[in-house]
Amino acid sequence: MQKVALLNANDVSKFYKEYCALNGVTLEVREGEIVSIIGPNGAGKTTLINVLTGLIKPTTGRVYFRGQDIGGIGPQKLTKLGLARSFQLLHIFPEFTGLDFIKIAILSRLGKAIHLFSSLDKDKVVNKESEEIINMFGLYEKRNILSKNMPQGDKKLLDIASTLAMHPEVILLDEPTSGVSTSEKNRIMDILLAASERTGVKSIVLVEHDMDIVFSYSDRIIVLHQGKILADCTPIELEKKEEVVCTVMGQKECFKTFSSLLSWQHGEGNGHDA
Amino acid sequence: MAFKSLITKKLWLFIVTGMILLLLPMIAPVHISVVMLGVFGSALAVLGFNLLFGYLGLLSLGHSLFFALGAYAVAYSTQYSILSMELILLITIIVSGLIAALVGAICVRFTHIYFGILTFAFAMLFYSFLIKFYYVTGGEDGLRILRPQLLWLNLSTVPQMQFLLREYYYYVLIFTGIAIWVMWRIVKSPFGLALKAIRDNQMKAEYLGISIWKFRWVAFIVAGIYTALGGALLAPVVGHVDPSIAHWYQSGHFILTTLLGGFTQFLGPIVGALVFTYLQDFLMSVLHYWRFFFGALLAFVVIIVPEGIMGVIDSLLNKIEGEV
């Protein structure tokens, strides 16, 4: 039975003057799925994410989240609708302790952040939940450490933990394991997926360069090339399509293996969150 | 254990400070006590200023606008025979809150130097207004401030010094104490945490569903009201108000005071107000070029101790705590 589509892009194109970053992209993210978006540098991944999260308005076509047009609605409204996003580059509050980092997300979700005179320390609901979430991410021992003093992997976890504390239905993760050692990548992914399930996340969109991560965690992979969708299938199907993909990409020295094809994306810098 | 003893130390410090402030008019020379009234007013003003600067990362170059609003609110009220200080303070809150809401609605859409320049522009606009519309504002001569009634008590027959050092001193002391406590509540509230989140990483805050403008706007209003209250409390001490209070010099004083005391600490601006006011008073009496000295002091603070007096004290306390 086909599950409900939570996030749809309908024939979306995005032009920057003459340059076409996205060309007629149609995709959907259904309930219960982990969908990865991959593609070489300049394939339009960043633009696609920005369009999917309502940061920029597509030139033509529409993006719907639960049936509502979210073209260019901006981060704050997007979050309130239940679509959350984390970034490739770290986004932390350096002067916040781990616990405060989570608290501010919970307060915002509960609409309590604007309370001017209530005591933060005495809010039992927020305190309890923030401790639960930080525990879920294995950071309970470090809850009183300033986030700027934490190791890179923990900062990443904290960043994602605060995003999950918003209780989103769909979460879009832009390279959740970038800048983290290989051994830590799987740890982060495992913690992240377990916590997502517990906080009620229905679907995950993953943008990732590490093909091991992509192939082991995704239900479906979308390959983007020159602003177009080249393939949209399960990891197993995609492994079979290796030849096809290589041919279409027109690389003369057709890559021996599919993973080496994608390995030149390493070290890419996405400009959007600089 | 060490943490607990630190808390009790802070409590002791609080009690001792309170006692000194309560006894000051009885034990200290008259002059010292009168200057202390200036410290109270200035402390409230910079506390408002630092809500924007320290907690939100917005440097206002035009907070003199609100300081002047407070002082002129007292002048107008007393001239129109509204003599109850409580009523005057209420009027100050309403007027400064409204003006801050209007000015803030424009200013908080910008950050960094643009925010600074805009606030500066509004303050100088008000300064020009005070000078040019002399039939309303008294122009450069300013306005006289009549003695207000405290708690509806008519104190017009009390000699000026006695009024300032007894009734008015304790009135202002209590009012300032309450206002500082309220500000403490605000910065320790969810709202205060949200402000710091916006300061630390605006984009992340937005993605956590916090509407940046709304929070900045509310903070701007609170900050404006505090600075206006500072001006209002100070006005009856001076007994007179003129446009120089709205000049950007005054905004510069707020910045210097805050940097001196330390903008990263809640108590920083208050300590800054204490040191700045007494230092200014002392220097003005002994030096002709006291502004020159202040300029040098500002440069010194920014270069050598950017975290200010309270920042230094705080890191010293942490060191002691670490060693214990």
Once the dipole of the protein assembly as shown is set up with Lys and Arg at +1 and Asp and Glu at -1 on Cβ about the Cα centre, which of B:Met19, A:Ser36, B:Ala232 lies farthest towards its positive end? B:Ala232
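May I ask you to order B:252-264, A:138-150 by the average number of other C-beta atoms within 10 Å around their residues, highest value first?
Descending packing order for the listed peptides: B:252-264, A:138-150.
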What does the average come to when, for each residue of peptide A:72-78, you count the partner chain Cβ atoms lying within 10 Å of its Cβ? 4
Residues meeting the amide H criterion for B:His240 (H placed from the backbone, H to H distance under 5 Å, 5 or more places apart or on another chain) are B:Ile145
Pop out the ³J(HN,Hα) list for the range A:138-143 in order, Karplus 6.51 cos²θ - 1.76 cosθ + 1.60 with θ = phi - 60°, rounded to Hz; leave Gly and Pro as x. x, 10, 4, 5, 9, 4
Under 29 Å from the Cα of A:Lys3, which lysines turn up, not counting those fewer than eight places away in the same chain? A:Lys14, A:Lys45, A:Lys57, A:Lys77, A:Lys80, A:Lys202, A:Lys228, A:Lys240, A:Lys241
Cα→Cβ-extended label distance, 7 Å offset, between A:Asn144 and B:Ser285, nm: 4.6 nm
Can you sort B:Thr227, B:Thr277 from fewest to most other Cβ atoms within 10 Å of each residue's own Cβ? B:Thr277, B:Thr227
Sequence neighbours fewer than 8 away in the same chain don't count; with that in mind, list the aspartates and glutamates whose C-alpha is under 15 Å from B:Lys214. B:Glu206
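Using the Cα centre as the reference, give the magnitude of the dipole from point charges on the C-beta atoms of chain B (Lys, Arg: +1; Asp, Glu: -1; all else neutral), rounded to the nearest 20 debye.
Using only the charged Cβ atoms, the result is roughly 520 debye.
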Just grab the label-to-label distance for A:Thr182 and A:Val4, each label 7 Å out from Cα along the Cβ direction, in nm (one decimal). 4.2 nm
Could you work out how far helix A:152-164 tilts from the main Cα principal axis of chain A, as a 0 to 90 degree angle to the nearest 10? 80 degrees
Between B:Phe300 and B:Tyr80, what is the FRET efficiency for a Förster distance of 41 Å, r being their Cβ-Cβ separation, to the nearest 0.05? 0.35
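Can you sort A:Cys20, B:Cys107 from fewest to most other Cβ atoms within 10 Å of each residue's own Cβ? Could the numbers behind the result be given before it?
On the way: A:Cys20 17, B:Cys107 25.
Neighbour counts put them in this order, fewest first: A:Cys20, B:Cys107.
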Short version: ³J(HN,Hα) in whole Hz for each residue of the range B:120-125, in order, from phi by Karplus 6.51 cos²θ - 1.76 cosθ + 1.60 (θ = phi - 60°), x for Gly and Pro, what are they? 4, 4, 5, 5, 6, 4
Based on Cβ point charges of +1 for Lys and Arg and -1 for Asp and Glu, what charge dipole magnitude is obtained for the protein assembly as shown about its Cα centre, in debye rounded to the nearest 20? 1020 debye
Quick one: A:Glu169, B:Glu140, fewest Cβ neighbours within 10 Å first, how do they rank? B:Glu140, A:Glu169
Cross-link reach list, aspartates and glutamates versus B:Lys204, counting only Cα pairs under 18 Å and skipping chain neighbours closer than eight places: A:Glu95, A:Asp100, A:Asp154, A:Asp159, A:Asp174, A:Glu175, A:Asp273
Expressed as a rounded percentage, what relative contact order does the range B:29-323 have, with Cα pairs under 8 Å and six or more residues apart? 35 percent
Could you check the spin-label model distance between B:Tyr249 and A:Leu110? Points 7 Å from the Cα along Cα→Cβ, value in nm. 5.0 nm
If one computes the Cα centroid of the range B:48-118 and of the range B:195-274, what distance in Å separates the two points? 9 Å
How large is ³J(HN,Hα), in whole Hz, for each residue of the range A:63-78 in order, when computed from phi with the Karplus curve 6.51 cos²θ - 1.76 cosθ + 1.60 and θ = phi - 60°, using x for Gly and Pro? 10, 10, 10, 6, x, 9, 5, 10, x, x, 6, x, x, 5, 5, 4
Using only the alpha-carbon atoms, how far is helix A:124-136 inclined from the longest principal axis of chain A? Give it as 0 to 90 degrees, nearest 10. 40 degrees
Cα-centred dipole magnitude for the range A:5-273, charges only on beta-carbon of K, R (+1) and D, E (-1), debye, nearest 20: 720 debye
Under 5 Å from the placed amide H of A:Leu224, counting only residues 5+ away or on other chains, we find A:Ile38, A:Gly39, A:Leu230
Taking the dipole about the Cα centre of the range B:154-252, with the C-beta of Lys and Arg at +1 and of Asp and Glu at -1, give me whichever of B:Val182, B:Gln160, B:Tyr170 is farthest to the positive side. B:Val182
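Read-outs throughout are calculated quantities, based only on the coordinates presented, and are distinct from any laboratory measurement. Source: prediction; values computed, not measured. Glycine also receives a Cβ, built like all others from the backbone with ideal geometry; neighbour counts cover every protein chain displayed.
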